[in-house]
1. Just need a number here: residues in region 248-274 that are at pLDDT 95 or above, part of a loop (DSSP other than H, G, I, E, B) and surrounded by fewer than 18 Cβ atoms within 10 Å (Cβ to Cβ).
2. Determine, yes or no, whether residue 223 is closer than 18 Å to residue 107 by Cα and surrounded by 19 or more Cβ atoms within 10 Å (Cβ to Cβ).
3. Under 7 Å between Cβ atoms, which residue pairs at least 6 apart in sequence (or on different chains) link something in region 11-22 that is in the same structural domain as residue 44 (by TED's automatic domain parsing) with a partner that is among the aromatic types (Phe, Trp, Tyr)?
4. Anything in region 73-108 that is assigned to a loop (DSSP other than H, G, I, E, B) and either surrounded by fewer than 17 Cβ atoms within 10 Å (Cβ to Cβ) or in contact with a strand residue (DSSP E or B) (Cβ under 8 Å, 6 or more places away or on another chain) (or both)? List them, or say none.
5. Given the residues 6, 70, 58, which is the only one that is buried (at least 19 other Cβ atoms within 10 Å of the Cβ) and at pLDDT below 95?
6. Could you say which residue among 228, 232 is small (Gly, Ala, Ser), touching a Ser or Thr at 6+ places or on another chain (Cβ under 9 Å) and farther than 30 Å from residue 31 by Cα?
7. Please verify whether residue 112 is in the same structural domain as residue 11 (by TED's automatic domain parsing), more than 16 Å from the chain's Cα centre (by Cα) and either closer than 23 Å to residue 73 by Cβ or surrounded by 14 or more Cβ atoms within 10 Å (Cβ to Cβ) (or both), treating the condition exactly as stated.
8. Could you count how many residues in region 1-55 are under 15 Å from residue 82 (Cβ atoms) and not in a loop (DSSP other than H, G, I, E, B)?
Amino acid sequence: MKFTKMQGAGNDYVYVNCFEEKIGDPADVARKVSNRNFGIGSDGLILIMPSTVADVRMRMFNSDGSESEMCGNGIRCVAKYAYDHGIVATKEIAAETGAGILTLQLFTNADNKVERVRVNMGEPRLIRSEIPMIGDGSNRVVDEPLNILHSTFRITGVSMGNPHCVIFVDDVEHFPVEKYGPLIENHELFPRRTNVEFVQVISRNEVRQRTWERGAGETLACGTGASAVTVACVLNGLTERRIVNHLSGGDLEMEWPESGPVYMTGPAVEVFNGEIGL
């Protein structure tokens with residue numbers, strides 16, 4: 001199988017051009033290639049596929065083989081690959097995902113290679129049943145208490161096509177993400193599990209995020225998570241609607257206008273190409 005390793009803000013995936021390659025069992029392939037000791041090493045597998053409703057289609061599998069609806073950092077790299085490798089020829093494209101069709105604006109360098117991508121991440125879903133979370137399905141989940149191991153966290157729930165639980169902390173660098181992340185991910189409150197964002201507010205225009213990603217563990221970045229954090233910050237009155245989010249792998253520029261979709265702008269990098277026997 002031919003592949004391309006790419007990363008967006010350190011969130012790295014193995015990408016396969018399914019215009020040319022065929023993948024029989026993507027869940028099994030994801031588990032094999034993601035292993036950082038015995039495989040290529042990545043946060044998961046992303047398939048770049050033909051679409052009947054958009055320019056390209058993205059399917060994304062976590063390192064444990066589970067399929068997720070969307071990946072914000074991943075879709076930027078899909079756009080870069082599609083343009084740089086001649087699948088698309090325009091600098092504004094549409095991509096089909098499990099969270100719907102998203103539009104992307106591409107920014108190229110002097111060599112006409114994509115360096116940055118602005119993604120229309122879609123409108124956040126804030127109703128409890130849409131996240132989804134157990135409980136009164138008609139309510140929003142904003143600053144709601146959640147008890148874990150004798151600790152009480154204040155959580156805000158947001159879906160960006162996939163579920164997110166946002167928690168604000170005073171010192172995110174020293175917060176035990178690896179302890180609480182899996183407990184919250186698999187909490188009975190979340191019937192489809194959840195991604196968990198631990199966030200420190202630096203100023204009205206700046207935050208620092210660490211992510212426990214559903215099915216992958218702590219990752220260096222999460223684009224849908226950064227989008228959920230932007231929404232949660234506004235709902236809790238903590239920041240303005242345009243912020244810079246410092247993730248472990250790099251910075252993302254985020255914006256949530258008064259109404260409508262969240263916009264994310266960030267890097268997309270091709271690391272290397274290769275071939276692996278499965």
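The values are calculated or read from the model by the stated rules, or taken from the named source; none is laboratory data. Everything numeric in this text was worked out from a predicted model, so none of it was measured. When we count neighbours, we look across all protein chains shown, and the Cβ atoms used for this are built from the backbone with ideal geometry, even at glycine.
1. Count: 1.
2. yes
3. Note: pairs meeting the criteria are 14/3; 15/3; 15/81; 16/3.
4. Residues satisfying the conditions are 85, 86, 87, 88, 89, 90, 91, 98.
5. Residue meeting the stated conditions: 70.
6. 232
7. yes
8. 11
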